[in-house]
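Everything on this sheet refers to the single structure shown next.
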Amino acid sequence: MKLWYQRCTYEIKNLYGEDWELFADLLAACSPRKHIKSNWRMAVRIYDSWKHGEVDYTGCLPCHRGNVDRVLSGQELSGRKVRAFAACLKGDLNQVVVDVWVARFFGFENVTNKVYDMCIDIIHAAAGFAGEFPAEVQAQVWCESLQLAGRKPLSFCSAIDKQMKFWED
């Protein structure tokens, strides 16, 4: 999973062409409290409906709706995790995305600002030690955390592959 973000960015660029950054922002906007599969499906639905002159907010939580509207009106995303996730998907591998899975890996249950900052510091230190980008280390931590919880980590590349065949649970 070291190249998680790079692979996802490559695939998103191939699928969405000149709209790839907009789509990456939609993925980030739809990511809080969503599994990768449902995150991908929601972003695709929103993008497709927007391209046809309306916006289908089906499945959007209140935390998604504001950021979806921001993306579609060209405004900056709200929220540290969402902004960092969008930046990583668009190639800024010095960013660190801290979600509940990353926080749990380090023994925290809630992602407060203090926890977010501590996780960033730990990941930046580990990245410096390993000679890797912080986003690469964060992706590895995220995957390991999911595996420790008995879940299978996926990437958006998995979602893209399955989109063509429909989703398998």
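The values are calculated or read from the model by the stated rules, or taken from the named source; none is laboratory data. Quick caveat, the model's predicted, so the values are computed rather than measured. With ideal geometry, Cβ positions are generated from the backbone for all residues, glycine too; neighbour counts draw on all protein chains shown. Side chains are part of the model used for accessible areas, which takes the heavy atoms of the whole protein and leaves out ligands, DNA and RNA. Shrake-Rupley method; radii C 1.70, N 1.55, O 1.52, S 1.80 Å.
The table for this structure:
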| quantity | calculated |
| --- | --- |
| Solvent exposure, largest accessible area first (probe 1.4 Å, DNA, RNA and ligands not counted), of LEU22, LEU148 | LEU148, LEU22 |
| Rh (Kirkwood; distinct C-alpha pairs) - region 66-160, Å | 14.1 |
| Estimated D of region 1-52 in µm² per second, where Rh is the Kirkwood radius over Cα pairs and Stokes-Einstein applies at 20 °C, 1.002 mPa s | 189 |
| Per-q log10 I(q)/I(0), the chain, q = 0.09 Å⁻¹ (Debye; single scatterer per alpha-carbon; no solvent) | -0.29 |
| CD proxy at 222 nm, helix term only [per DSSP H run n ≥ 4: -39500 (n - 2.57); per residue of the chain; nearest 500] | -19500 deg cm²/dmol |
| Accessible area expressed per residue, region 8-105, with surrounding protein chains retained (probe 1.4 Å, Å²) | 47 |
| Farthest toward positive dipole pole in the chain [+1 Lys/Arg, -1 Asp/Glu at C-beta], among ALA126, TRP101, SER49 | TRP101 |
| Listed pairs LYS34/LYS90; LYS51/LYS152; LYS37/LYS90 exceeding 31 Å between Cα atoms | LYS51/LYS152 |
